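The values are calculated or read from the model by the stated rules, or taken from the named source; none is laboratory data. The structure displayed is predicted, hence computed values, not measured ones. Here the Cβ positions follow ideal geometry from the backbone for every residue, glycine too, while neighbour counts run over all protein chains shown. Heads up: the accessible areas ignore ligands, DNA and RNA and are worked out on the full protein's heavy atoms, side chains in. Shrake-Rupley method; radii C 1.70, N 1.55, O 1.52, S 1.80 Å.
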Amino acid sequence: MQPLSVVIITFNEARNIERAILSVVDVSDDIVVVDSFSTDETKAICEKYKVNFVENEWAGYSQQKNFANSLAKHDYILSLDADEALDEILKQEVLTLQQTGFNAIYVLNRLVNYCGQWIKHSTWYPDKKMRIFPRQSSTWEGALVHEQLAVDQSLDVIELAGHLHHYTYYNYTEHRSRADKYSELTALKMYQSGKKASIFKPYLSAFVRFISMFIIHLGFLDGYKGFKIAQISALSNIYKYKTLRKLNFENKNI
């Protein structure tokens, strides 16, 4: 049986981390949790289980994940977010792979639970992520936000059955707050790469985003939750491009 390390990064994930750990205890004897000095009960919850809990100052998504990967014992890693959990079908897929051996990059299909409802449209599903990979030849890349996994291109990419359940937002206020945070980071990244935005860009972008998510990608089939997802995404697009314009204006680049 080929062993598998599970790597999780955390900060104030007391409401989620136990579910994540319990979903992988049957597939791994090496669960690594790298925490950015949480102020809630995250550490206490992790210490109830057989995990390698390490505290490390926040270094950005990519750097933090790469540091966590460096602590893994085994050749293959399952990268898990604290608010994710394997469903039973996916767990059995992983257990089967441990019997036959890992020899590829494995893609998991995330299914989002948004404010208590599973979302099947709205550009949020399917949501395929490379999450099982060889430790030595894989690296997280990207500055500030939207980290991506760089892998050995010679390896096959295989999608596993089942779902990676993603318990993302518990209320609309939380969604808006986090969406604006990502928009701010994205605007900073765009500014650093020399991008600009016209005075109309925030509103045109928001309109296109809403139509894409709610109409073209059938968000209306997710009901009111689909409407809120599209609405908040559109509003955060306005915030992103206004922030970009502000950065350029303050530095006299516009």
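Can we say Asp87 is among the acidic types (Asp, Glu), more than 14 Å from Val27 (Cβ to Cβ) and touching a residue at least 12 places away in the same chain (Cβ under 8 Å)? Against the criterion (among the acidic types (Asp, Glu), more than 14 Å from Val27 (Cβ to Cβ) and touching a residue at least 12 places away in the same chain (Cβ under 8 Å)), Asp87 does not qualify. Listed here are the strands (runs of 3 or more DSSP E) enclosed by segment 95-166 that have at least 1 residues being surrounded by 16 or more Cβ atoms within 10 Å (Cβ to Cβ): 105-114, 117-119, 127-134, 139-141, 148-150. When residues in segment 173-216 are screened for being among the acidic types (Asp, Glu) and more than 14 Å from Tyr239 (Cβ to Cβ), 1 of them pass. Is it the case that segment 213-226 has a residue that's under 20 Å from the mean Cα position of the chain (by Cα), buried (at least 20 other Cβ atoms within 10 Å of the Cβ), part of a helix (DSSP H, G or I) and small (Gly, Ala, Ser)? Checked against the condition, which is being under 20 Å from the mean Cα position of the chain (by Cα), buried (at least 20 other Cβ atoms within 10 Å of the Cβ), part of a helix (DSSP H, G or I) and small (Gly, Ala, Ser), segment 213-226 yields at least one hit.
The one condition from (1) crowded, with 21+ Cβ neighbours inside 10 Å; (2) at pLDDT below 95 that Gly60 does not meet is (1). Candidates are the residues of segment 43-53 that are surrounded by 14 or more Cβ atoms within 10 Å (Cβ to Cβ) and not charged (D, E, K, R); the one that is nearest to Ala72 (Cα to Cα) is Asn52. Checking each residue of segment 185-203 against the condition of being at pLDDT 95 or above, open to solvent by 90 Å² or more (accessible area, probe 1.4 Å) and in a helix (DSSP H, G or I) gives at least one match. Of all the residues in segment 146-160, those that are within 17 Å of Ser62 (Cα to Cα) and hydrophobic (A, V, I, L, M, F, W, C) number 3. Kindly indicate whether any position in segment 151-158 is without any contact (Cβ under 8 Å) to a residue 40 or more places away in the chain and among the acidic types (Asp, Glu). Checked against the condition, which is being without any contact (Cβ under 8 Å) to a residue 40 or more places away in the chain and among the acidic types (Asp, Glu), segment 151-158 yields no hits at all. Residues in segment 169-177: is at least one small (Gly, Ala, Ser) and without any contact (Cβ under 8 Å) to a residue 24 or more places away in the chain? Taking every residue of segment 169-177 in turn, at least one turns out to be small (Gly, Ala, Ser) and without any contact (Cβ under 8 Å) to a residue 24 or more places away in the chain.
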